[in-house]
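Notes follow the structure.
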Amino acid sequence: MCGIVGYIGTEEAVPVLLNGLKKLEYRGYDSAGIAVLGKPGLVIRKSKGALKQLEEKVAAELKTGDGASLSGAMGIGHTRWATHGEPSDINSHPHTDVSGKIAVVHNGIIENHGKLKAWLEAHGVIFRSETDTEVIAHLIDFHYNGDLLLAVVEALKRLEGSYALGIICENNPDRIVAVRKESPLVVGSGRGENLIASDVPALLEYTREVYYLEDREIAVLYRDRVEFYNEEGQGCKKESSHVDWDVSAAEKGGYEHFMLKEIHEQPKALINTLRPRIKTYAVKSINLEEIGFDGSWVEANRVVITACGTAWHAGMIGKYAFEHFARIPVDVDIASEYRYRNPVFNPRDIFIIISQSGETADTLAAMRMARKSGARIIAITNVVGSTLAREADLVMYTWAGPEIAVASTKAFTTQLLCIYLIALQFGFLRGTIGGDVLADYIDALENLSAYAARILDGKENIQRFASRQFNKSKVFFLGRLFDYAVSLESALKLKEVSYTHSEAFAAGELKHGPIALVDESTLVVALCTQSSLFDKMDSNIKEVKARGAATAAITYEDVDYFDKTVDEVFRIPHTLDSFTPILSVIPCQLYAYYCAVQRGLDPDKPRNLAKSVTVE
Ligand code: AGP
């Protein structure tokens, strides 16, 4: 989704803005632009396509000496992910009012922009772009009477939808006004300089002191201070937070792509997620006190899990885990479906909401519905200070470190670890798991990090396999129970980054339809880690083989059951059948990555996708 940066200080703004936008590229975009306010007034440069094109445009201008107009120590910048109007220079942000004195960058969707546009046109405004954002610039101008903050407060009263905004005005050259509602925006507070950005990595070169804006909260940034206001324009106080992770955590660190780096970070991320939650006194136990999880939570009658995409797949594994370990009914739902259904709530339900970013619009909407029903909410998220983290009753952070690649990898495996910990503790507190058994489960969880590292050590096998199979036009993943959920995630990964038509099927469903698709052009990857169902999977593999498909299996390293059935076997260390998703997904992540690279694609920036889906 769109990325916003803003800078006010003593340095030249252009390099700071371009640098910040670079850090936000992972969010997905199709055009970029900046507005700089200096001696010559407000100057805007935009370009369709990659940020590099904007950089080249600006560099050429600076080289020829025409760049003086781009000189200034404050400005705003934007990477646009088109929603209203095609990607083009004219639709790129910043957008201005008619006179060109007010410039606005926006992330989100203004739902009533059609109505506002008609109203503004009736007042003589002539629109230049097809965007919903342009109405904001004109509205602020409509209410502008010399005070930018007041004009923004008045304009916000008319806006419906979601927004993070950075606003500057030629007549107020000492301030940036920023505000958010349902779209992320962070304020960074430095020495003699202040910044805004859609995400923390864009700020880290300048400061580690950040303010996470609440919905409808307004920040006014001056060079030497930041003031905060509520939506009525009344001043309010706000605590800053210190970011303690390093800027290198958000950089590639020698890997060719973020996706590969993040796949390799999984062993470490799993340790970071697990360690603080384990007590190792006499008998090992789970410590969820840090998040405030006590006995009252396990009195629930039902657990409801909602999420989108990869996080929803983690939720599916959560269903199997809760049923298995805690013997409690679980519903798992796609957030974009859930929010428009008419679900039946029960006051004794608890909700688990999973989101890497903590900003996914559908997921937040589902959470707010649950909240209205009076249900209690546990959030599993990777982003400290995200909207989800702030609105939930309990937050369990995944501690995976920043995930930059659009395709989620380490966030998924650490989400799973969080879910296992909650499900096991649930079972323990409800009496479905004894203390000694729990200690054995914890031992098994503790082994997973080293096992993940072992799988990564053998990545060349997957790379070789991908170099032979990357051109397959159809790839199907099959599995049963926990393996079925991993199949869904594996198919998503492959389609996201390599644009291969890949699907996942519950292996038992094959004969109910999907087998009609299988022919010589198909690769079938069978996930085979559910020991009691090996014979069923073996039959399924033979069925697809008989129809000409190439086959591969992912199974335990000490299991030779499938060696004679499939063309290729990938092995993972032996753990509990119910914990295998954390391991068996890794070869599939690698396979997706290597297929993308073989196809000459950039796995970090898949077409049409955004890292954080902050609009519907
Ligand atoms: C994962 O590879 C995808 N990019 C996508 O499905 C993602 O998981 C989904 O958009 C949910 O994002 P969230 O976890 O930040 O809420």
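Rule-based calculations on the coordinates, nothing more; no lab input. This structure is a prediction, so every number in the text was calculated from the model and none was measured. Cβ coordinates were reconstructed from backbone atoms using ideal geometry, including for glycine residues, and neighbour counts include every protein chain displayed.
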| said: Compute the angle between helix 581-598 and the longest alpha-carbon principal axis of the chain, please, reported from 0 to 90 degrees and rounded to the nearest 10. | reply: 60 degrees
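Please get the size of the charge dipole for region 3-244, origin at its Cα centre, with Cβ charges of +1 on Lys and Arg and -1 on Asp and Glu, quoted in debye to the nearest 20.
On the way: 27 positive and 36 negative charges, 60 e Å.
For this selection, approximately 280 debye.
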| task | Rank-order 539-549, 4-14 by packing density, defined as the average count of other C-beta atoms within 10 Å over each peptide's residues, highest first. | result | 4-14, 539-549
| query | From the phi of every residue in region 345-353, what ³J(HN,Hα) in whole Hz does the Karplus formula 6.51 cos²θ - 1.76 cosθ + 1.60 yield, where θ is phi - 60° and glycine or proline is x? | reply | 9, 10, x, 9, 6, 10, 10, 10, 10
| query | How high is the FRET efficiency between Glu56 and Ser373 when r is their beta carbon distance and R₀ equals 45 Å, given to the nearest 0.05? | reply | 0.30
| note | Counting only residues 5 or more apart in sequence or on a different chain, those whose built amide H sits under 5 Å from that of His84 are Asp132
| said: Please compare each pair in Lys261/Lys493; Lys46/Lys252; Lys493/Lys611; Lys284/Lys459 to a cut-off of 25 Å on the Cα-Cα distance and tell me which ones are over it. | reply: Lys46/Lys252; Lys284/Lys459
| Taking the simple approach of a point 7 Å from Cα along Cα-to-Cβ for both Ala122 and Lys237, what is their distance in nm? | 4.5 nm
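Normalising by the residue count of region 458-616, find the relative contact order in percent from Cα pairs under 8 Å and 6+ residues apart.
Values: 282 pairs, mean separation 46.7, N = 159.
It comes to 29 percent, rounded to a whole number.
What is the gain in length, in nm to one decimal, between Phe345 and Ala516 on full extension, counting 0.36 nm per residue of separation less the C-alpha to C-alpha distance?
On the way: separation 171, 0.36 × 171 = 61.56 nm, distance 3.96 nm.
Here the answer is 57.6 nm.
Give me Arg376, Arg175 ranked fewest to most by other Cβ atoms within 10 Å of their Cβ, as a rough exposure proxy.
In increasing order of surrounding Cβ atoms, one gets Arg376, Arg175.
If you take every residue apart from Ala118 with its C-beta less than 15 Å away from the C-beta of Ala118, what net charge results, scoring Lys and Arg +1 and Asp and Glu -1? Don't skip to the end; give the middle numbers.
Values: positive: Lys115, Lys117, Arg158; negative: Glu111, Glu121, Glu130, Asp132, Glu134, Glu160.
Around Ala118, the charge tally is -3.
With an 8 Å cut-off on Cα pairs and a minimum separation of 6 or more residues, tell me the relative contact order of region 373-518 in percent. Walk me through the intermediate numbers first.
Details: 124 pairs, mean separation 19.2, N = 146.
Relative contact order for region 373-518 comes out at 13 percent.
Tell me the relative contact order for region 66-169 as a rounded percent, counting alpha carbon contacts under 8 Å between residues six or more apart.
Values: 147 pairs, mean separation 34.4, N = 104.
Relative contact order, region 66-169: 33 percent.
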| Where does helix 482-498 land angle-wise versus the long Cα axis of the chain, in degrees 0 to 90, nearest 10? | 40 degrees
| query | Along region 323-332, what does the Karplus equation 6.51 cos²θ - 1.76 cosθ + 1.60 (θ = phi - 60°) give for ³J(HN,Hα), rounded to whole Hz, x for Gly and Pro? | reply | 4, 5, 8, 10, 6, 10, x, 9, 10, 10
| remark: Each label sits 7 Å from Cα toward the beta-carbon; between Arg216 and Glu446 the label points are separated, in nm, by 4.9 nm
| note | Quick note, region 247-343: a/c under 1.5 would make it rounded; otherwise a/b > b/c is prolate and the rest oblate (a ≥ b ≥ c, C-alpha gyration tensor); here it is oblate
| request: Calculate how steeply helix 534-545 sits against the longest principal axis of the alpha-carbon atoms of the chain, using the helix alpha-carbon long axis, and give the answer as 0 to 90 degrees to the nearest 10. | output: 70 degrees
| request: For region 398-408, take each phi angle, set θ = phi - 60°, evaluate the Karplus expression 6.51 cos²θ - 1.76 cosθ + 1.60, and give the result in whole Hz per residue in order, putting x for glycine and proline. | output: 7, 6, 7, x, x, 10, 9, 4, 4, 6, 7
| request: Just name one of Gln530, Val304, Gly72: the one whose Cα is farthest towards the positive end of the charge dipole of the chain (beta-carbon charges, Lys/Arg +1, Asp/Glu -1). | output: Gln530
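Hey, which of these cross-link pairs are over 27 Å Cα-Cα: Lys474/Lys511; Lys22/Lys181; Lys22/Lys372?
On the way: Lys474/Lys511 18 Å; Lys22/Lys181 24 Å; Lys22/Lys372 39 Å.
Violating the 27 Å Cα-Cα cut-off are Lys22/Lys372.
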